1. GNM, the chain, Cα, under 10 Å: largest mean-square fluctuation among 160, 41, 191?
2. Alpha carbon centre of segment 171-239 versus segment 17-96: separation in Å?
3. Give the calculated FRET efficiency between residue 256 and residue 10 to the nearest 0.05, with a Förster radius of 35 Å applied to their Cβ-Cβ distance.
4. Taking every pair of Cα atoms in segment 153-241, average 1/r, invert it to obtain the Kirkwood radius, and report Rg/Rh to two decimals.
5. Distances over 13 Å make up what percent of all Cα-Cα pairs in segment 66-135?
6. Mind checking the alpha-carbon convex hull of the chain and giving the volume per residue in Å³?
7. Tell me the mean residue ellipticity at 222 nm calculated for the chain from its helices only (DSSP H runs of n ≥ 4, each -39500 (n - 2.57), averaged over every residue, nearest 500).
8. Can you give the relative contact order of the chain as a percent, counting alpha carbon pairs under 8 Å and 6+ residues apart?
Ligand code: BTN
């Protein structure tokens, strides 16, 4: 992260303990270890932030590798969702929406959510290009609620910001810089640290409003940013592909599909890999 400065780091530390690395295997792995090692307070919200300039073993959902050269933003947040029992899928979708809003604001390029956790740019043909992804993990089988009601979540955020090329096996990947070059003919780099600060500021505020706002309103905001509703999709779920039209996202953050034979299917985890 080239624009790292003491000033920015100390500003970031208002959001929680900050751990910064130049090169690391994965901020997610480090945060998992940290979660066991540090004592967390009882407050709702972000507790620690682990940031790296680059990752050698960054990974995403389904254990897929996450391309992490210096030009991107990679960080994991240790979050205490004390006494919040809302479904994690909804919470993750909302966090993705907040991050997409920040990226949209700094780039002035429209960003969308691709259920369940991708931040994408969509062109006029409805082809989507992935700018970012979120990996939310809890401890234990389902959630991790300790005696003191803590519910500890690790949210790993990978954002393609200033990359100008990607490996051939990532044809859907793009960066904020590439999109802005294409759509606005602006070639300048983004300031990674400023984006990070903006995200943390917005996210910590939004997580407070998430607690107090009616979930129907939260869901409305998510749906407004989503690029899948009303579209014909191919969704992979547990090694199977389901074709159907996305008709809604429910209050738990699940995707509701109507298949080609009219059957309604509720999908709690999976991946959308084609939008028509
Ligand atoms: C996905 O789209 O599958 C989620 C990708 C999450 C990648 C981030 S980068 C920071 C953190 N460290 C990791 O190893 N993974 C997450």
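None of the figures in this text is laboratory data; all of them are computed from the coordinates on show. Note that this is a predicted model, so its numbers are computed, not measured. Glycine gets a Cβ as well: all are built from the backbone with ideal geometry, and neighbour counts include every protein chain shown.
1. 41
2. 17
3. Details: r = 45 Å, r/R0 = 1.29.
E(calc), rounded to 0.05, equals 0.20.
4. Values: Rg = 17.1 Å, Rh = 16.6 Å.
With Rh from the inverse mean 1/r over Cα pairs, Rg/Rh is 1.03.
5. Cα-Cα pairs in segment 66-135 separated by more than 13 Å: 70 percent.
6. Numbers: hull volume 35.5 nm³, N = 276.
It is 129 Å³ per residue.
7. On the way: 6 runs with 79 residues, N = 276.
For the chain, the value works out to -9000 deg cm²/dmol.
8. Numbers: 550 pairs, mean separation 48.7, N = 276.
It rounds to 18 percent for the chain.
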